[in-house]
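The values are calculated or read from the model by the stated rules, or taken from the named source; none is laboratory data. Quick caveat, the model's predicted, so the values are computed rather than measured. Every residue, glycine among them, receives a Cβ derived from its backbone with ideal geometry; neighbour counts consider all protein chains shown.
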Amino acid sequence: MSYLGISVREAMSKLNATHGGWFLPQVQRQYVWGARHESEGYVCLLLDSLKRGYPIGGVVLWETSTPVPYREFVRDYAPGQYAHQVEEGRWGAAKSLVYDGQQRLQTLYSVLYYRLNGRVLHFDMLFDADAVESDDTGFLFRDADAAAEVRYLKMTELVSKVHSHKEKVVLEERLLAAANGDAAKQMLVRVNLTALWDIFVADSTKSIAYFSVRAETPTEVNEVFRRLNTGGVALTQLELVLSKIKAVQSDYEEELWRLSETIREVSGGIAFSSTEILQFFHLMVKKTARIDADRLEAKDIAAFQKALADDSDALVEVFQGYLAGLFSINHASIVPRWLAVLPIASFLAARKRGGHEWRIRALPVAEVTLIHRYFLLSQFCDWNTQTMVNQFARAARDDGEAGLPFPLDAIRQTAIQKSRTGDLHEHQFLAEPWLAAKVLMPSRSYIFHERKPQVDHIFPLNLKGADETYQNAVDVLWNFQPMPAEVNNYKRAKHPKEFFCSEEGRKYIDAYDFIPDTSSLLWDDYVGFIAERERKMRGQLETKYGVRLITNPQAEV
């Protein structure tokens, strides 16, 4: 059987249609185009290819009434917006499941009928294809609340038109106002509208090619899907593993989404994706963080299901009880090396499986300190390769199941064998100031703006009359304090002693750590102030975490 043709309008009418509609099989990966950094550019090129009559690749369908789980296409797309599985009662309906072409169809569906990332696709009716670069398309996204301009035609409005000569003429008369009586511009409007109308309104142009697979069972059509996506199409190994699991447990991915959302809620905002969660389960099941779908055996799928049931609580505890509970970490960017966190989760999960206490706050202080030391060393000393994490997790699981403390010494020796430092050096600590400030002042929560934490320089950078020597000296971790921007803005150019002695500033002094009383002479000596604060901060590292900061790179403890 060869490919058949269908118009854009006909294809869009089939998406999510109640009877005989086009849907997504559960084995399909989620939509990724809209989450790309340059997603709007990709989308505009796709629409332009259709407008020019270029091929955009075929769609592969499985037409079936077999009772199998499937998902609907998303309408308004935004990051984190997932296509959810339909109610089980509908699984036996006549339908076509899209095994190849999801990204293109989902893109067209959102931008032609809804919104993409909260923005609306338009076309510039004064676009002149002969006067621009080849990648300029005339398509553009505008904010949903942007003021209407006659030259910009909403694609949602265009595709809502009835295909009739009268409808087209009425629309054309309105759009011609953009030309302001200029004959050349009026011609652009007419030419552009005709091209758009023929592709996105009329049914005569069959712009989309589709192929229906003949298969009797999901197993057979899943093999077609596997072959489609291992011959050059960029599916990750994690996505291939997930597709195999979903062939057995159709809602497994949705369970991962729910777990990801739980982590975000209990941690105060840390984004730990369903993909990262699956990698943790892979580490528990296959004993490696390196994903290889070809090594996934049938018996492993049951183990993944068991890991979801048994180990989710331990993973949540890492975020709720440890990162948020003991460090007030509330944003993923604070932690630079997330792979290195997984051995802690493996340790807690193994303790839980072994029937031992696994909740962080219930562990003895000395045992929590071992976890603290691992966390700091792994983050600042870059103990983060897959090989290291695999070995760390193996040791953590073994000792966890036996009810033993976290195996820091064995892990540290492994890191040293892998050419990593086994102690924390000053330059390593200062290289990650967000995390460094957080572990030094764990009771203070960062407030984020545009993915950056708000931090105050106690001695401000822009102090009146300050020279470059002063600015270099105060722009250092030992002068940092997590603090909302409104406080920082208020005291931006004020001497800290003046600020804290003022009526307005006096109420903020308790929000600062490692500072002397306002009567101290250190406030008159910024060099001495920073040196004393450094001394106290270093002492905090030793007292609270058992970690001594190495100043001399040649000195090992």
Requiring at least 2 residues that are farther than 21 Å from THR275 by Cα and in contact with a helix residue (DSSP H, G or I) (Cβ under 9 Å, 6 or more places away or on another chain), the strands (runs of 3 or more DSSP E) wholly within the stretch 1-101 are 59-64, 95-100
Looking across the stretch 8-25 at residues that are within 13 Å of LEU112 (Cβ to Cβ) and in contact with a strand residue (DSSP E or B) (Cβ under 7 Å, 6 or more places away or on another chain), the single one that is surrounded by the fewest Cβ atoms within 10 Å (Cβ to Cβ) is LEU15
Within the stretch 498-541, residues being acidic (Asp, Glu), at pLDDT below 95 and under 41 Å from the mean Cα position of the chain (by Cα) number 2
Output for Cβ contacts, cut-off 6 Å, separation at least six or different chains, first residue farther than 13 Å from ARG151 by Cα in the stretch 165-187, second modelled with pLDDT of 95 or more, reads GLU167/LYS161; LYS168/TRP197
Residue count, the stretch 246-263, condition among the acidic types (Asp, Glu) and part of a loop (DSSP other than H, G, I, E, B), comes to 1
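Results for (1) among the small types (Gly, Ala, Ser); (2) modelled with pLDDT under 95; (3) surrounded by fewer than 21 Cβ atoms within 10 Å (Cβ to Cβ), shown as yes or no for each residue.
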{"position": "HIS282", "(1), (2), (3)": "no, no, no"}
{"position": "ILE291", "(1), (2), (3)": "no, yes, no"}
{"position": "ALA298", "(1), (2), (3)": "yes, yes, yes"}
{"position": "LEU308", "(1), (2), (3)": "no, no, yes"}
{"position": "ASP311", "(1), (2), (3)": "no, no, no"}
{"position": "GLU317", "(1), (2), (3)": "no, no, no"}
{"position": "LEU323", "(1), (2), (3)": "no, no, no"}
{"position": "SER333", "(1), (2), (3)": "yes, yes, yes"}
{"position": "VAL341", "(1), (2), (3)": "no, no, no"}
Within the stretch 73-105, residues being buried (at least 16 other Cβ atoms within 10 Å of the Cβ) and either basic (Lys, Arg) or touching a His at 6+ places or on another chain (Cβ under 7 Å) (or both) number 2
Flagged in the stretch 345-369 as in contact with a helix residue (DSSP H, G or I) (Cβ under 8 Å, 6 or more places away or on another chain) and either closer than 19 Å to PHE429 by Cβ or β-branched (Val, Ile, Thr) (or both), in numbering order, are ILE360, VAL368, THR369
Checked pairs for the stretch 509-528, first under 14 Å from PHE499 (Cα atoms), second at pLDDT below 95 and among the aromatic types (Phe, Trp, Tyr), C-beta under 6 Å and 6 or more apart or across chains, list as ILE509/PHE500; THR518/PHE500
Taking first residues from the stretch 332-346 that are assigned by TED's automatic domain parsing to the domain that holds GLN391 and among the aromatic types (Phe, Trp, Tyr) and second residues anywhere that are surrounded by fewer than 23 Cβ atoms within 10 Å (Cβ to Cβ) and in a helix (DSSP H, G or I), the pairs with Cβ under 8 Å that are 6 or more apart or on different chains are TRP338/GLU276; TRP338/ALA332
Over the stretch 264-298, the set of residues under 16 Å from the mean Cα position of the chain (by Cα), under 21 Å from ASN384 (Cβ atoms), in contact (Cβ under 8 Å) with a residue 40 or more places away in the chain and not in a helix (DSSP H, G or I) is SER267, ILE270, ALA271, PHE272
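I need the helices (runs of 4 or more DSSP H) fully contained in the stretch 160-245, keeping only those with at least 1 residues that are of a type in the set (Lys, Arg) and modelled with pLDDT under 85. So that I can check it myself, show each step before the final result.
Details: elements: 165-175, 183-200, 218-228.
Helices (runs of 4 or more DSSP H) meeting the threshold: 218-228.
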In the stretch 110-136, anything over 29 Å from the mean Cα position of the chain (by Cα) and among the β-branched types (Val, Ile, Thr) is listed as VAL132
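When you go through LEU140, LEU112 one by one, which is the residue that is assigned to a helix (DSSP H, G or I) and assigned by TED's automatic domain parsing to the domain that holds PHE200? Step through it out loud before you land on a result.
Numbers: LEU140 fails: assigned to a helix (DSSP H, G or I).
Just a single option satisfies the conditions, and that option is LEU112.
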TRP383 vs (1) surrounded by 18 or more Cβ atoms within 10 Å (Cβ to Cβ); (2) more than 30 Å from the chain's Cα centre (by Cα); (3) not in a helix (DSSP H, G or I): all pass except (2)
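Test ARG412 against the criterion of being in contact with a helix residue (DSSP H, G or I) (Cβ under 8 Å, 6 or more places away or on another chain), more than 28 Å from PHE529 (Cα to Cα) and of a type in the set (D, E, K, R), and give yes or no. Break it down into steps so the answer makes sense when it comes.
On the way: in contact with a helix residue (DSSP H, G or I) (Cβ under 8 Å, 6 or more places away or on another chain): yes; more than 28 Å from PHE529 (Cα to Cα): yes; of a type in the set (D, E, K, R): yes.
Taking the combined requirement at face value, the residue satisfies it.
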VAL32 fails exactly one of (1) closer than 26 Å to VAL221 by Cβ; (2) touching a Phe, Trp or Tyr at 6+ places or on another chain (Cβ under 6 Å); (3) among the aliphatic types (A, V, I, L, M), namely (2)
- prompt: closer than 22 Å to ALA349 by Cβ, under 26 Å from the mean Cα position of the chain (by Cα) and either in a helix (DSSP H, G or I) or not assigned by TED's automatic domain parsing to the domain that holds LEU315 (or both) - does that describe any residue in the stretch 408-417?
  reply: no
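Could you tell me whether any residue of the stretch 444-456 is in a helix (DSSP H, G or I), closer than 26 Å to THR543 by Cα and either touching a His at 6+ places or on another chain (Cβ under 8 Å) or modelled with pLDDT of 95 or more (or both)?
So the first thing to find is which residues in the stretch 444-456 are in a helix (DSSP H, G or I), and the list is none.
No, the stretch 444-456 contains no residue that is in a helix (DSSP H, G or I), closer than 26 Å to THR543 by Cα and either touching a His at 6+ places or on another chain (Cβ under 8 Å) or modelled with pLDDT of 95 or more (or both).
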Given (1) in a loop (DSSP other than H, G, I, E, B); (2) in contact (Cβ under 8 Å) with a residue 40 or more places away in the chain; (3) more than 16 Å from LYS438 (Cα to Cα); (4) not β-branched (Val, Ile, Thr), GLU357 misses just (2)
Here is a check on your reading of the model: is SER65 more than 29 Å from the chain's Cα centre (by Cα), closer than 24 Å to SER243 by Cβ and modelled with pLDDT under 95?
yes
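So that you can scan it fast, the table gives a plain yes or no per residue for (1) at pLDDT 95 or above; (2) touching a helix residue (DSSP H, G or I) at 6+ places or on another chain (Cβ under 9 Å); (3) outside the structural domain of ILE329 (by TED's automatic domain parsing):
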position: PHE380; (1), (2), (3): yes, yes, yes
position: VAL439; (1), (2), (3): yes, yes, yes
position: ALA466; (1), (2), (3): no, yes, yes
position: GLN471; (1), (2), (3): no, no, yes
position: ASN488; (1), (2), (3): no, no, yes
Scanning the stretch 125-164 for residues that are touching a residue at least 60 places away in the same chain (Cβ under 8 Å) and acidic (Asp, Glu), the one surrounded by the most Cβ atoms within 10 Å (Cβ to Cβ) turns out to be ASP128
All-but-one check, GLU261 against (1) farther than 27 Å from GLN28 by Cβ; (2) without any contact (Cβ under 8 Å) to a residue 12 or more places away in the chain, failing number (1)
